[in-house]
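One structure is given below, encoded as structure tokens.
Just so it is clear, none of the values below were taken in a lab; they were calculated from the coordinates. These numbers were taken from a predicted model, which means no experiment stands behind them.
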């Protein structure tokens, strides 16, 4: 949170909209870390490489929560005018960082391939939704002459 405030008040980046986007990005990242490592572990296995069991409602809920957790990241990337490729990269690498950290720290949390897929999908979904809104609203904006 301190980094988010410093990003906003130091005037870097110069444009206020970019400062707000950067500050919100730091807050989102802090929220992800808090939700991931600040909640009690499930006590499962160290790593899961089995794809989603669609017959298990708990697995489906977990998958949807992981998607929702990364949607704001995609929205922020679209607001920062990053490209689709960056949304894919940030979603995948951000999630991979979390999963590898969970595994290497032996925190009692499961490094899960489904979390990686869901988080990446969430970032992409957020990006695509925000890009679609931006495209729709830019068409409606009156031309300034």
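Between residue 80 and residue 104, full extension at 0.36 nm per residue minus the direct alpha carbon distance yields a gain of 5.4 nm.
Taking Cα atoms only, the orientation of helix 16-37 departs from the longest principal axis of the chain by about 10 degrees. Axis of helix 57-79 versus longest Cα principal axis of the chain: the two differ by about 30°, to the nearest ten degrees.
Return one number: the angle in degrees, 0 to 90 and rounded to the nearest 10, between the long axis of the Cα atoms of helix 113-140 and the longest principal axis of the Cα atoms of the chain. Computed tilt is about 20 degrees. When the helices of the chain are scored as -39500 (n - 2.57) per DSSP H run of n ≥ 4 and the total is divided over every residue, the value at 222 nm lands at -24500 deg cm²/dmol.
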